[in-house]
Amino acid sequence: MERKYDVAIIGSGGAGLTAAIYSSRARLGTVLFEKLMSGGQIALTDIVENYPGFPEGITGAEISKRMEDQAKRYGTTLVYEEVKSLVPRGKDFEIVTANATYKSRALIFTAGASFRTLGVSGEKELTGRGVSYCATCDGAFFKDKDVIVVGGGDSALQEGLFLTRFVTRLSIVHRRDQLRAGPLLQQRAKQNPKIHYIWDTVVEKIYGDKKVEGVNLRNVKTGKVQDFKTDGVFVFIGHEPNSALLKGLVNLDEKGYVKTDPFLRTSVPGIFAAGEIRAGATRQLVAACGEGCEAAMAAQAYLDALK
Ligand code: NAP
């Protein structure tokens, strides 16, 4: 079977799915690789309230599914396999998965970012046993329990608010005394009687025998360490770019995000990047989708110029 495409897209978040819709509608042979499930981080988000056109909000799962259906409708091939390597071969790119090798003439990299971990003792061992990075996935396991949420950004507050549907008490542990989250989420969180704050504090250790039983918290101003009993630890402290496949291939910034020009071209002709993986991205779904569209159009212009 010939596995040759005009455009290969790596990652099916908002940027990747929109790039697929535009590219396949432009009648370019389009393949989209996804190692987990369509939608990326958005698929794990309870409700998206700031995507234009959905005044009542839309669940992350629903909007992801709709975008995927739209891409398929116009002919995108979806391959649910992890890409192991990307290699330039002349004017083509070779994309290798565990099962097959594909070729494409242009690449759009939209692999996004993964959640950052705390890196403290007990975190790895108790992941799935009280430590979680996804409220939508695991919240229901914490009915009538006490949990902590680590982080002070939009994710911490949005996911924390979702968790209050289940838990009795939720303590937000933040390393400063001011939240990074936007004012609307801050206001909602402050009005929620289940949410409490532990300021200027970091988690030093998570412990428990078979499941989380508590954490050691350190106040960064006083240095005082306290034992804090809790049933769950939800970590929302930002993200790390999924750019390992591009290391040594295109220019990345010091944090590992992909550098692009205003046309979303990377340092290698034929490779484009869009969405959260891109240095300077705004990390909003609507912006990721916009970038997916721009990258697909830039790829189309690149392919036209090759003819
Ligand atoms: P973020 O904005 O980078 O916030 C990460 C939070 O974790 C910050 O409060 C940070 O503290 C803290 N943090 C980072 N490293 C830490 C560590 N090692 N230990 C303890 N705390 C640590 O990440 P995010 O909340 O996931 O949001 C990512 C992007 O998605 C943002 O642009 C956000 O606006 C967007 N987003 C938007 C929505 C929405 O619009 N409703 C929802 C979710 C996410 P400091 O504040 O001290 O740096």
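The values are calculated or read from the model by the stated rules, or taken from the named source; none is laboratory data. Computed from a predicted structure; not experimentally measured. Positions of Cβ are generated from backbone atoms using ideal geometry, with glycine treated the same way; all protein chains shown enter the neighbour counts. The area values use the complete protein model at the heavy-atom level, side chains included, leaving out ligands, DNA and RNA. Shrake-Rupley method; radii C 1.70, N 1.55, O 1.52, S 1.80 Å.
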Query raised in the report: How many residues are polar (S, T, N, Q) and more than 23 Å from GLN158 (Cα to Cα) when one looks only at the range 57-74?
Result: 1
Report task. Report those strands (runs of 3 or more DSSP E) wholly inside the range 231-307 carrying at least 1 residues which are under 30 Å from GLY214 (Cα atoms) and within 16 Å of the ligand (Cβ to nearest atom). Result -> 232-235, 239-241
Query raised in the report: Is at least one residue of the range 204-211 over 18 Å from the mean Cα position of the chain (by Cα) and under 25 Å from VAL48 (Cβ atoms)?
Result: no
Query raised in the report: Residues of the range 174-196 being within 11 Å of the ligand (Cβ to nearest atom) and charged (D, E, K, R), which ones?
Result: ARG175, ARG176, ASP177, ARG180, ARG188
Query - Index of the failed condition, GLY208 passing every other in (1) on the phi > 0 side of the Ramachandran plot; (2) out of contact with any strand residue (DSSP E or B) (no Cβ under 8 Å at 6 or more places or on another chain) - result: (2)
**Report entry** Condition check for LEU44: within 16 Å of the ligand (Cβ to nearest atom) and modelled with pLDDT of 95 or more
**Finding:** no
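One line per residue, one yes/no per condition, for (1) open to solvent by less than 40 Å² (accessible area, probe 1.4 Å); (2) among the aliphatic types (A, V, I, L, M); (3) near the ligand (Cβ under 10 Å from one of its atoms):
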| position | (1), (2), (3) |
| --- | --- |
| LYS124 | no, no, no |
| SER132 | yes, no, no |
| ALA140 | no, yes, no |
| SER155 | no, no, yes |
| ARG165 | no, no, no |
| THR168 | no, no, no |
| ILE198 | yes, yes, no |
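Take the conditions out of contact with any Leu (no Cβ under 7 Å at 6 or more places or on another chain) and within 20 Å of ARG283 (Cα to Cα) and apply them to GLY153. Does it pass?
yes
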Report task. Check off (1) in contact with a Phe, Trp or Tyr (Cβ under 7 Å, 6 or more places away or on another chain); (2) within 16 Å of the ligand (Cβ to nearest atom) for ALA106 and give me the number that stays unchecked. Result -> (2)
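So in the range 1-53, with the set limited to residues that are basic (Lys, Arg) and touching a residue at least 60 places away in the same chain (Cβ under 8 Å), which one is surrounded by the fewest Cβ atoms within 10 Å (Cβ to Cβ)?
Checked the range 1-53; the qualifying residue surrounded by the fewest Cβ atoms within 10 Å (Cβ to Cβ) is LYS4.
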Query raised in the report: Residues in the range 131-144: is at least one under 14 Å from ALA189 (Cβ atoms) and modelled with pLDDT under 95?
Result: yes
Query raised in the report: How many residues are more than 10 Å from the ligand (Cβ to nearest atom) and open to solvent by 10 Å² or more (accessible area, probe 1.4 Å) when one looks only at the range 142-153?
Result: 5
